[in-house]
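Asks: Below you will find the structure I want to go over with you.
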Amino acid sequence: MNLELSEEQEAVRRLAEDFVAREVAPHAVAWDRAEEVDRGIVKKLGAVGFLGLTVPEEYGGSGGDHLAYCLVTEELGRGDSSVRGIVSVSLGLVAKTVAAWGDEEQKRAWLPRLTSGEAIGCFGLTEPGTGSDAGNLATRAVRDGDTYVIDGTKMFITNGTWADVVLLFARTGGPGHRGVSAFLVPTDTPGLTRRPVHGKLGLRGQATAELVLEGVRVPASALLGPEGKGFSVAMSALAKGRMSVAAGCVGIAQAALDAAVRYAGEREQFGKPIASYQLVQELISDIAVDVDAARLLTWRVADLVDRGQDFATAASKAKLYASEAAVRSANNALQVFGGYGYIDEYPVGKLLRDARVMTLYEGTSQIQKLIIGRALTGVSAF
Ligand code: FAD
């Protein structure tokens with residue numbers, strides 16, 4: 001693995017850093033307080049090409065490799081995890097999955113709109129009764145002539161109230177993951193209603209929703225991939241998604257490091273900057289090691305993807321480590337800030353709140369450990 005960024009990758013990273021400094025960071029606290037990111041950010045993300053990274057240019061994508069994608073995701077996560085999540089879901093979980101599994105008609109119908117920011121995608125897997133155990137989902141899609149009729153409820157859906165299309169997982173066959181199929185369902189289809197989920201600990205600016213489907217009728221052409229292969233569609237999306245979450249977590253940890261170093265140099269106690277105390281330096285150096293380790297694990301996944309190698313276990317390792325590191329780093333930074341870390345005029349409290357969900361979604365830390373354990377032992381413990 002080459003640890004030197006190419007000129008092109010460095011240019012993309014700088015573009016993302018500038019974009020975040022201009023369009024994201026100045027608003028992040030206000031969006032968090034208002035519980036809503038300005039929707040205009042989606043078009044801006046599309047215009048700069050960040051919603052089309054790794055998607056072929058013939059479908060409106062901006063191409064590039066997965067390391068460039070991780071660099072952009074890291075910078076967005078450094079600025080505001082709510083904005084990073086829009087990209088990770090609409091591009092990372094939806095557009096990239098349409099590109100990988102879609103037929104020509106589906107790619108032409110959705111990719112140019114998703115990559116430009118004209119449309120937003122959401123990923124509907126989790127249900128009120130099934131989170132970690134997603135293969136047991138209860139939403140049903142029943143074939144009726146040339147259509148399917150879908151009934152069920154999806155929970156915690158990122159971009160849910162904003163999205164134009166949901167990549168929806170529903171049961172078309174018997175119990176277990178082999179009975180699951182994937183569908184592309186426009187959110188204006190009659191019978192689909194959305195309820196915003198409020199009161200989140202973090203990612204407050206992000207539009208999270210419950211989706212209720214009652215007699216939602218879609219044409220058979222809405223099926224993404226073969227019938228009964230929906231769980232494979234979901235798992236392939238999530239494996240790459242975990243790389244994107246990990247990159248976002250590196251961004252959180254880096255932001256925590258930047259904030260802690262700056263504050264420790266400015267804040268004086270006992271007549272000296274707190275940076276001069278060994279125990280404060282310990283907090284800072286712990287963050288710095290976590291940043292490096294999480295970044296290297298994440299880049300390794302990108303490298304494996306770009307070289308066409310197996311990457312799923314490496315993605316689970318990166319997601320597990322980076323998400324726990326983001327929580328630890330934000331918490332260590334908050335300690336450096338003392339009481340000022342506990343109020344929202346300073347950035348570290350938000351970093352900690354935003355980081356906390358990263359060990360939960362796209363597979364909890366426990367589930368990542370079980371995936372890694374299964375790969376090592378050949379025995380599934382779940
Ligand atoms: P549960 O599965 O009930 O787990 C509860 C606890 O039990 C966890 O600690 C878990 O690790 C543990 N546990 C469960 N099974 C085992 C086991 N076999 N061994 C050991 N421990 C176990 N979902 C989507 O489909 N699309 C989205 O866009 C999306 N966005 C989200 C955004 C937010 C803000 C949040 C909070 C969630 C989002 N989710 C989304 C859902 C998320 O993926 C789930 O919350 C997650 O998979 C965990 O499921 P659960 O909440 O039902 O917890």
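The values are calculated or read from the model by the stated rules, or taken from the named source; none is laboratory data. These numbers were taken from a predicted model, which means no experiment stands behind them. Quick reminder, even Gly has a Cβ in these numbers, built from the backbone with ideal geometry, and neighbours come from all protein chains shown. Surface accessibility is based on the protein's heavy atoms, side chains included, excluding ligands, DNA and RNA. Shrake-Rupley method; radii C 1.70, N 1.55, O 1.52, S 1.80 Å.
Asks: How high is the relative contact order of segment 251-307, in percent, counting Cα pairs under 8 Å that sit 6 or more residues apart? Can you show the working numbers first?
Replies: Details: 26 pairs, mean separation 18.4, N = 57.
Rounded, it is 32 percent for segment 251-307.
Asks: Using only Cα atoms, tell me the angle between helix 7-19 and the longest principal axis of the chain; keep it within 0 to 90° and round to the nearest 10.
Replies: That works out to roughly 80 degrees.
Asks: Ok, one more. Please work out the Cα center distance from segment 190-247 to segment 53-126, rounded to the nearest Å.
Replies: Comparing the Cα centres of segment 190-247 and segment 53-126, I get a distance of 14 Å.
Asks: Just to verify a number: what accessible area does residue 200 come out at with the full protein assembly present, 1.4 Å probe, Å² rounded to tens?
Replies: Accessible area, nearest 10 Å²: 50 Å².
Asks: Give me, ordered by chain and number, the residues 5 or more places off residue 225 or on other chains with an amide H under 5 Å from its own placed amide H.
Replies: Residues meeting the amide H criterion: 103.
Asks: Report the extension gain between residue 309 and residue 188 in nm, rounded to one decimal, defined as 0.36 nm multiplied by the number of residues separating them, less their alpha carbon distance.
Replies: Numbers: separation 121, 0.36 × 121 = 43.56 nm, distance 3.86 nm.
Taking residue 309 through residue 188 to full extension adds about 39.7 nm, to one decimal.
Asks: Moving on. How big is the C-alpha Rg of segment 106-255 next to the rule-of-thumb value 2.2 N^0.38 Å, as a ratio? Present the calculation step by step, with values, prior to reporting the outcome.
Replies: Values: Rg = 15.4 Å, N = 150, 2.2 N^0.38 = 14.8 Å.
In units of the globular-protein estimate, segment 106-255 measures up at 1.04.
Asks: As a test question: what accessible area, to the nearest 10 Å², does residue 354 have when a 1.4 Å probe is rolled over all protein chains in place?
Replies: 0
Asks: Now for a separate question. Once you've got the Cα coordinates, tell me which of 200/240; 107/229; 240/317; 319/369 are over 21 Å apart. Walk me through the numbers before you get to the answer.
Replies: Numbers: 200/240 25 Å; 107/229 18 Å; 240/317 12 Å; 319/369 10 Å.
Those over the limit are 200/240.
Asks: Let me ask something else about it. Work out the FRET efficiency for residue 6 and residue 201 from their Cβ-Cβ distance, taking R0 = 45 Å, and round it to the nearest 0.05. Each step should come with its number before you reach the end.
Replies: On the way: r = 38 Å, r/R0 = 0.85.
Here the calculated transfer efficiency is 0.70.
Asks: How big is segment 232-377 by Rg and Dmax over its Cα atoms, in Å?
Replies: Radius of gyration, then largest Cα-Cα span, for segment 232-377: 16.9, 60 Å.
Asks: Summing +1 for each Lys or Arg and -1 for each Asp or Glu, what net charge is found among the other residues whose Cβ lies under 13 Å from the Cβ of residue 173? Don't jump to the answer; show the numbers that get you there.
Replies: Working: positive: 140, 143, 171, 178, 229; negative: 227.
Net of charged neighbours comes to +4.
Asks: Under the rule a/c < 1.5 gives rounded, and otherwise a/b versus b/c splits prolate from oblate, where does segment 67-163 land using the Cα gyration tensor?
Replies: Numbers: a/c = 2.31, a/b = 1.37, b/c = 1.68.
Oblate.
Asks: Let me ask something else. Taking 2.2 N^0.38 Å as the expected size of a compact globular protein, what ratio does the Cα radius of gyration of segment 130-205 give against it, to two decimals?
Replies: Working: Rg = 13.7 Å, N = 76, 2.2 N^0.38 = 11.4 Å.
Expressed relative to 2.2 N^0.38 Å, the Cα Rg reads 1.20.
Asks: Same structure, new question: Compute the helix-to-body angle for 230-266: its Cα long axis versus the longest principal axis of the chain, expressed 0 to 90° and rounded to tens.
Replies: Taking the Cα atoms of the chain, the angle to 230-266 is about 20 degrees.
Asks: On to the next question. Protein chains only, probe 1.4 Å: how do 319, 369, 96 rank by accessible area, largest first? All intermediate terms of the calculation are to be shown ahead of the outcome.
Replies: Details: 319 0, 369 120, 96 25 Å².
These residues rank, largest area first, as 369, 96, 319.
Asks: Which order do you get for 188, 133 if you rank them by accessible area with a 1.4 Å probe, largest at the top?
Replies: On the way: 188 130, 133 85 Å².
The most accessible residue leads, giving 188, 133.
Asks: Relative contact order, percent, of the chain when contacts are C-alpha pairs under 8 Å separated by at least 6 residues?
Replies: Numbers: 756 pairs, mean separation 59.9, N = 382.
The normalised contact order for the chain reaches 16 percent.
Asks: Moving on to the next point. What ratio of Cα Rg to 2.2 N^0.38 Å holds for the chain?
Replies: Details: Rg = 20.7 Å, N = 382, 2.2 N^0.38 = 21.1 Å.
That ratio works out to 0.98.
Asks: How much FRET efficiency would the formula 1/(1 + (r/R0)^6) give for residue 34 and residue 382, where r is the Cβ-Cβ distance and R0 is 41 Å, rounded to 0.05? Write down the numbers at each step before the final one.
Replies: On the way: r = 39 Å, r/R0 = 0.95.
Using R0 = 41 Å, I get an efficiency of 0.55.
Asks: Measure nothing but the geometry: give the 0 to 90° angle between the long axis through the Cα atoms of 104-116 and the longest principal axis through the Cα atoms of the chain, rounded to 10°.
Replies: With rounding to tens, the tilt is 30 degrees.
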